[in-house]
Amino acid sequence: MSWKPPRVLTPRSILPALAVMLVLAAGAAAHANKPVPFGDRVAGPGDAEATPVNSQSVSSADLDLKVVGPGLEAYHKQTGERAWSYRREGAEALYLAMAGDNAIVVWDDGLVTSVRPGDHEVRWHRAVPGLADYLRADGEPGADKRTDAQRKETAVQRAAAALHTVQRDGSPWLAVVTPNLTMGLRDVDGDLRYNDRPSNGCLFDPLRTVHTGYAVLIPRTCTNSSGVPVSGGITGYRLDSNGWSMITGPAATVKVLDNSRVEITDGPIVPPKVFDTKAAAPETACANPDAPFAAVRPKDGCADPAASPTTTPAAPADQPAPTTAPAVSASDQATAAQQ
């Protein structure tokens, strides 16, 4: 048997192995310090990283969701205890709306995110061009004189006006509206389904925008080359069919009546009209000659005048009701005639 002494490692032989170890350590450190995409951070009750939960055991119906401080908070309805919180580094949550069972959050940096409450998973992110500028209202008249509280109030109000969720037949979607752009997103994956800009000389008006269970209706204001308001309009957007557009006055208002109908008021001269966003057609009044052939008739139907019984109008409350003369027999009439 031959015996060889242990090999002595020289500095030159150690360098390659040491270099490999340093590279691996640097890679591990970089991975540990890598920022979470979009700065997302979901924490449990003790501000520790929230552990996944079974989405079958907790749903949005079991939780109260609130925009608190810089982010979104979820509380158990039965106990009031905090279930989880959602933050984004360097951003502040402004407004929350539900799209089906999912929570849609508008952030002050112009990002919109979707969160599934059951397992507190951030499902998708979508940046909306121009949204952050609209929320901040920088450069607008009086903006430099607002206090921090007033700026926050303006941002929250505008975030609520910008986000509209449409609960359509189990396939909800949402629209984000700014003066210069509107975008429609599918909630299931955040996919962009449409984007649109107003025509030259016009601006969308998020503060007058409304939505039903089928569509989002966005009024627009327009001015001529001299800055004088001219005729505006209202554009309706849907995901399951083509949208529509109508010309209105510069200050037309839209009021939601129910899940599908809205009332459009266009000044003191033109009478209000009802538009059905499900049928994408105006509601025709009963007195209109075209009523029998209309696509949309009044919700309560049109009564047939021939079928209405003739009734005597009731006497006013401040007047005595008319009295009925007592019946007179034939013999009493004859006696009276002889006298």
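Collect the residues in region 114-161 that are under 16 Å from Ala97 (Cβ atoms) and either touching a His at 6+ places or on another chain (Cβ under 8 Å) or of a type in the set (Gly, Ala, Ser) (or both), keeping them in residue-number order.
Ser114, Ala155, Ala159, Ala160, Ala161
I want to confirm something. Restricting to region 200-212 and keeping residues that are outside any loop (DSSP other than H, G, I, E, B) and in contact with a helix residue (DSSP H, G or I) (Cβ under 9 Å, 6 or more places away or on another chain), which single residue is nearest to Tyr134 (Cα to Cα)? Outline the logic, then answer.
Just the residues of region 200-212 that are outside any loop (DSSP other than H, G, I, E, B), to begin with: 202-204, 206-208, 210-211.
Those left that are additionally in contact with a helix residue (DSSP H, G or I) (Cβ under 9 Å, 6 or more places away or on another chain): 206-208.
Details: Pro206: 10, Leu207: 12, Arg208: 15 Å.
For region 200-212, the residue satisfying everything is Pro206.
For Thr223, indicate whether it is in the same structural domain as Ser241 (by TED's automatic domain parsing) and crowded, with 18+ Cβ neighbours inside 10 Å. Walk me through it before giving the result.
Numbers: in the same structural domain as Ser241 (by TED's automatic domain parsing): yes; crowded, with 18+ Cβ neighbours inside 10 Å: no.
So Thr223 does not fit the description; no.
Quick check, is Ser114 in contact with a strand residue (DSSP E or B) (Cβ under 9 Å, 6 or more places away or on another chain), of a type in the set (Gly, Ala, Ser), part of a strand (DSSP E or B) and farther than 24 Å from Lys278 by Cα?
Working: in contact with a strand residue (DSSP E or B) (Cβ under 9 Å, 6 or more places away or on another chain): yes; of a type in the set (Gly, Ala, Ser): yes; part of a strand (DSSP E or B): yes; farther than 24 Å from Lys278 by Cα: yes.
Yes.
Mind checking which residues of region 41-74 are modelled with pLDDT of 60 or more, within 11 Å of Ser85 (Cα to Cα) and surrounded by 18 or more Cβ atoms within 10 Å (Cβ to Cβ)?
Val42, Leu65, Val67, Gly71, Leu72, Glu73, Ala74
Just checking, does region 213-227 include any residue being out of contact with any Gly (no Cβ under 9 Å at 6 or more places or on another chain), farther than 23 Å from Val188 by Cβ and either in a strand (DSSP E or B) or touching a residue at least 40 places away in the same chain (Cβ under 8 Å) (or both)?
no
Need the failing condition index for Arg168 against (1) under 29 Å from Ser59 (Cβ atoms); (2) in contact with a Leu (Cβ under 6 Å, 6 or more places away or on another chain), just the number.
(2)
Please find, within region 119-160, the residue that is surrounded by the most Cβ atoms within 10 Å (Cβ to Cβ) out of those that are more than 20 Å from the chain's Cα centre (by Cα) and among the basic types (Lys, Arg).
So the residue we want is Arg151.
Is it the case that region 244-256 has a residue that's surrounded by 13 or more Cβ atoms within 10 Å (Cβ to Cβ), closer than 28 Å to Ser114 by Cα and touching a Pro at 6+ places or on another chain (Cβ under 6 Å)?
No: zero hits.
In region 63-111, how many are within 19 Å of Pro172 (Cβ to Cβ) and either outside any loop (DSSP other than H, G, I, E, B) or of a type in the set (A, V, I, L, M) (or both)?
13
Name the single residue, out of those in region 75-96 being in contact with a helix residue (DSSP H, G or I) (Cβ under 9 Å, 6 or more places away or on another chain) and farther than 17 Å from Ala127 by Cα, that is surrounded by the most Cβ atoms within 10 Å (Cβ to Cβ).
For region 75-96, the residue satisfying everything is Ala83.
Look through region 229-283, keep the residues that are polar (S, T, N, Q), within 18 Å of Tyr214 (Cβ to Cβ) and not in a loop (DSSP other than H, G, I, E, B), and return whichever of them is nearest to the chain's Cα centre (by Cα).
Kept after step one, since they are polar (S, T, N, Q), are these residues of region 229-283: 231, 235, 241-242, 245, 248, 253, 259-260, 265, 277.
Those left that are additionally within 18 Å of Tyr214 (Cβ to Cβ): 235, 241-242, 245, 259-260, 277.
Those still in the list that are not in a loop (DSSP other than H, G, I, E, B) too: 235, 245.
Values: Thr235: 16, Ser245: 20 Å.
Among those residues, the one meeting the criterion is Thr235.
Please enumerate the residues belonging to region 257-271 that are over 29 Å from Pro172 (Cβ atoms) and surrounded by fewer than 16 Cβ atoms within 10 Å (Cβ to Cβ). Break it down stepwise before answering.
To start, the set of residues in region 257-271 that are over 29 Å from Pro172 (Cβ atoms) comprises 266-271.
Scanning region 257-271 gives Gly267, Pro268, Ile269, Val270, Pro271.
What number of residues in region 214-250 are closer than 18 Å to Arg197 by Cβ and among the small types (Gly, Ala, Ser)?
Residues flagged as closer than 18 Å to Arg197 by Cβ and among the small types (Gly, Ala, Ser) within region 214-250 amount to 5.
The values are calculated or read from the model by the stated rules, or taken from the named source; none is laboratory data. For clarity, every value in this text was computed on a predicted model and none was experimentally measured. Cβ coordinates were reconstructed from backbone atoms using ideal geometry, including for glycine residues, and neighbour counts include every protein chain displayed.
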